[in-house]
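Worksheet for the structure shown next.
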Amino acid sequence: MNKLACLIIQCRAAVAWSPNQPLTIEEVEVQPPKAHEVRIKIVSSGICRTDDHVIQGNMKNIDFPVILGHEGAGIVESVGEHVTDLKPGDKVIPLCMPQCGKCSSCINPNTNCCLKTHISVAQNVMPDKTTRFSCKGKVVYHFLWTSTFSEYTVVPIDAVAKIDDRAPLDKACLFGCGFPTGYGAAVNTAKVTPSSTCAIFGLGAIGLSAIIGCKLSGALRIIAIDINSSKFEKAMAFGATECINPKDYSKPIEEVIMEMTGLGVHYSFECIGKTDVMRAALECTHMGYGTSVIIGDAPPDAHITFDPYLLFTGRTWKGSIFGGWKSKDHIPRLVSDYLSHKFNLDGLVSHTLPFHRINEGFHLLQSGQSIRTILMF
């Protein structure tokens, strides 16, 4: 543990005091890291739809006030006791999907859903059940153990990955959520095969990343679907072979796709989080062997009604969280693949803003004007 790890830091953070209210830039106190923790100076952070779900009050088990943000990149500022694999100055990515390496999920090669994730246990506090943030004399809670909407954050070592020192931090934040989620859904969860036909529902950062995964897997036909036609140019640039807007048709989009393909697509990906689109994505797959992957996060208490005959006749319905990657193991490898030019992510970033304009970034997201907005500190 270095001397800096004994100091309280005062810095700027965007605090969500309550749902349905704009974030406010506040001066917060960030406590030193405790054992098995690191304190990180955040350099960049993406604005993801999941953060907006919290602001809109559509995510369960969140305590307010809270510092949101889960798609960031930064530099280790200090480390707590018993941290041996990280040191000040290391470039890192906080991980919204931790990898403890010990739970039944982590030791199983078929899943990445660590039991320390928020799906199993709320990550509003650190593992010792206390927070490292305070503001105006009040406790401020963590979000997914990452809280990247702060100039400094404290993260357990199970939720941070060291990356190559050559990685540009203005792009590296994309590896904290959006890119691995979409890309991994194609290459890990669906295991897209060469010469196949794919349908991508939703052309945000996750949908475009799924297109990258389908293209690199050798898909012959990639159909991109969105109600915002302004996103089609980017989809084509990333590898889509055709783009369609459901608003241009008088019939359900699944029927349109079935007519376009004859018998349906081999793989479909729902990247929005709407149950009616999830059902449509399943219905447009080929009977007997079609696979549909749910990537989008549906609202709390959402339910789907569907014809079980769709599955009885051989289709497969899958879910994918964080692209199936075991985060600490695989995110550094993905960054290395990026540095070796396996894929180009520049087009995923539609806007870059200074941190204090964070609410403008959320407006761009909510109005459908952005793919991914990156905040620079």
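The values are calculated or read from the model by the stated rules, or taken from the named source; none is laboratory data. Given the structure is predicted, the values throughout are model-derived calculations rather than measurements. So basically every Cβ, Gly included, is an ideal-geometry build from the backbone, and we count neighbours across all protein chains shown. We work out accessible area using only protein heavy atoms, side chains counted, and drop any ligands, DNA or RNA first. Shrake-Rupley method; radii C 1.70, N 1.55, O 1.52, S 1.80 Å.
Please sort by residue number the trypsin sites (Lys or Arg not before Pro) in the stretch 303-340 whose DSSP state is loop and whose Cβ has at most 11 other Cβ atoms within 10 Å.
Qualifying residues, ordered by number: none.
Using a probe radius of 1.4 Å on heavy atoms only, what accessible surface per residue do you get for the stretch 270-331? Whole Å² is fine.
Here the residues of the stretch 270-331 average 48 Å² of exposed surface.
What dipole magnitude, in Debye to the nearest 20, does the stretch 163-282 give about its Cα centre under +1 on Lys/Arg Cβ and -1 on Asp/Glu Cβ?
Dipole about the Cα centre, nearest 20: 100 debye.
I'd like to know which of W317, L282, T261 lies farthest towards the positive end of the charge dipole of the chain, counting +1 on Cβ of Lys and Arg and -1 on Cβ of Asp and Glu.
It is W317, whose Cα lies furthest towards the positive end.
Calculate how large, on average over all directions, the projected area of the Cα convex hull of the stretch 91-143 is; give the answer in nm² to one decimal.
4.9
Just the Cα atoms of the stretch 45-92: what Rg and Dmax do they give in Å?
Rg and Dmax of the stretch 45-92, Cα atoms, are 14.8, 39 Å.
Put +1 on the Cβ of each Lys and Arg and -1 on the Cβ of each Asp and Glu in the chain; which of N112, F238, P65 then has its Cα farthest toward the positive end of the dipole?
So the residue we want is N112.
Using only alpha carbon pairs under 8 Å that are at least six residues apart, calculate the relative contact order of the chain and give it in whole percent.
Relative contact order for the chain comes out at 17 percent.
Enumerate the lysines that K191 could reach by cross-link, defined here as Cα to Cα under 20 Å, with residues fewer than 8 away along the same chain left out.
Partners within reach: K215, K318, K326, K342.
Which whole number in µm²/s is D for the stretch 203-251 by Stokes-Einstein, with the Kirkwood Rh taken over Cα pairs at 37 °C and 0.692 mPa s?
Calculated translational D: 303 µm²/s.
How large is the charge dipole for the stretch 278-331, taken about the Cα centre, if only the Cβ atoms of Lys, Arg (+1) and Asp, Glu (-1) carry charge, to the nearest 20 debye?
Dipole size: approximately 200 debye.
Taking the Cα centre of the chain as origin, sum charge times position over the Cβ atoms of Lys and Arg (+1) and Asp and Glu (-1), and report the length of that vector in debye to the nearest 20.
620
When the expected Rg is taken as 2.2 N^0.38 Å, what fraction or multiple of it is the alpha-carbon Rg of the stretch 1-86?
That works out to 1.23 for the stretch 1-86.
In the chain, what % of DSSP beta bridges are antiparallel (nearest 5)?
55
Cα atoms only: what Rg and Dmax, in Å, come out for the stretch 81-235?
18.4, 60
Can you give the Rg to Rh ratio of the stretch 32-159, both from alpha-carbon atoms, with Rh computed by the Kirkwood formula?
Radius of gyration relative to Kirkwood radius: 0.95.
How much of the accessible area of the chain, in percent, comes from carbon and sulfur atoms when a 1.4 Å probe is used?
Of the solvent-accessible surface of the chain, carbon and sulfur hold 53 percent.
Please report the orientation-averaged projected area of the stretch 162-201, defined via the convex hull of its C-alpha atoms, in nm².
The directionally averaged projection comes out at 4.2 nm².
When the Cα centres of the stretch 1-75 and the stretch 300-377 are compared, how far apart do they sit, in Å?
20
Straight distance only, please: which lysines reach the Cα of K87 with their own Cα at less than 21 Å, same-chain residues fewer than 8 apart left out?
The reachable lysines, counting only those whose Cα sits under 21 Å from K87, are K3, K34, K41, K162, K328.
Counting each DSSP H run of 4 or more residues in the chain as -39500 (n - 2.57), what helix-only mean residue ellipticity at 222 nm follows after dividing by all residues, to the nearest 500 deg cm²/dmol?
-6000 deg cm²/dmol
What does the highest-first list of 299-311, 68-80 look like by mean Cβ count within 10 Å?
68-80, 299-311
Does the stretch 184-284 come out rounded, prolate or oblate by the C-alpha gyration tensor, with a ≥ b ≥ c the root eigenvalues, rounded set by a/c under 1.5 and, if not, prolate when a/b is larger than b/c and oblate if not?
Taking the square roots of the gyration eigenvalues as a ≥ b ≥ c, the stretch 184-284 is rounded.
Convert 25 °C to kelvin, take the viscosity as 0.890 mPa s, use the Kirkwood radius over C-alpha pairs of the stretch 310-377 as Rh, and evaluate the Stokes-Einstein diffusion coefficient in µm²/s, rounded to a whole number.
In µm²/s, the coefficient rounds to 161.
Based on the Kirkwood radius over alpha-carbon pairs, what value in µm²/s does the Stokes-Einstein equation return for the translational diffusion coefficient of the stretch 297-345 at 4 °C and 1.567 mPa s?
89
Which trypsin sites (Lys or Arg not before Pro) in the stretch 1-95 sit in a loop by DSSP (not H, G, I, E or B) and have at most 12 other Cβ atoms within 10 Å of their own Cβ?
When the trypsin sites (Lys or Arg not before Pro) of the stretch 1-95 are filtered for loop state and at most 12 Cβ neighbours within 10 Å, K60 remain.
Can you give me the convex hull volume of the Cα atoms of the chain, divided per residue and expressed in Å³?
128
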